[in-house]
1. Restricting attention to region 10-27, report how many residues are of a type in the set (A, V, I, L, M, F, W, C), in contact with a Ser or Thr (Cβ under 6 Å, 6 or more places away or on another chain) and touching a residue at least 60 places away in the same chain (Cβ under 8 Å).
2. Taking the condition of being at pLDDT below 95 and among the acidic types (D, E), how many residues in region 5-35 meet it?
3. With I178, I224, I153, I192 as the choices, which residue is more than 15 Å from P135 (Cβ to Cβ), touching a residue at least 24 places away in the same chain (Cβ under 8 Å), crowded, with 18+ Cβ neighbours inside 10 Å and hydrophobic (A, V, I, L, M, F, W, C)?
4. Being touching a Gly at 6+ places or on another chain (Cβ under 8 Å), at pLDDT below 95 and not aliphatic (A, V, I, L, M): is that true of H38 here?
5. With the condition being at pLDDT 95 or above and over 30 Å from E98 (Cβ atoms), I'd like the strands (runs of 3 or more DSSP E) fully within region 115-225 carrying at least 2 qualifying residues.
6. Out of region 140-150, which residues are surrounded by 15 or more Cβ atoms within 10 Å (Cβ to Cβ) and in contact (Cβ under 8 Å) with a residue 60 or more places away in the chain?
Amino acid sequence: MTEFVIPAPEPAAIPVKGSDKFFPVRRIYCIGRNYVAHVEEMGGSADRDPPLFFQKPSDAVVTSGSTIPYPGVTKDFHHEVELVIAIGKGGKNIPEDEALDHVWGYAVGLDMTRRDIQGGGLPWEIAKSFDHSFPVGPLTPVTETGLIEKGRICLTVNGETRQESDVSLLIWKMPEIISRLSEYFELFPGDIILTGTPHGVGPVVKGDKLVATFDGLEPLEVTIG
């Protein structure tokens, strides 16, 4: 047994729907600019450019029902709702036609963003990878959902719909995301992939209640504190 010189941090984990078990989180990968309407609302081109990957730390996980503290060093704190993939089988240079065999389950989550920092041309790490930046709902196993290729994704803030789309509109589809990501990083069980956000991203303030939903998955509910 490994003996540490200071107390070891608690491992990050996501609850599993209908179970008292948890899915351990190894790494959190994200893809940016993956819906045409969102690319355009951010002032970009809708061309099918290579995927834009970045990461969040595993301890950025926030479970449903929590309160997210409004982060420092920003005056423009934004929501981005996304379909989340949990990887159950690892691999490197995974072929697209085998990519979905690596999926353990799905959830709905949020890529919270310091938009004013991101827009300022500074490194995305401090805009995207800060504490409490990945709220996520319970994971549902693929054995229950089947492989997801389409479905309505939605975010409301204080009951008002802010984001609504269908994951069939992803520019880079889920098999492509997994395959391309595995060219850059060897994937392992416990890896999490956020698949991109649709249009309608916008600011939140203290007291706002966010509810993220995806057809067939458990909702995510968080409050900005």
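1. Residues that pass the stated criteria total 1.
2. 1
3. None of the other options fit; the residue is I178.
4. So H38 passes the test.
5. By residue number, 152-157, 160-166, 209-214, 220-224.
6. Hits for region 140-150 are T140, P141, T145, I148.
The values are calculated or read from the model by the stated rules, or taken from the named source; none is laboratory data. Values in this document were obtained by computation on a predicted structure and should not be read as measured data. Neighbour counts are summed over all protein chains in view; Cβ atoms, including those assigned to glycine, are modelled from backbone coordinates with ideal geometry.
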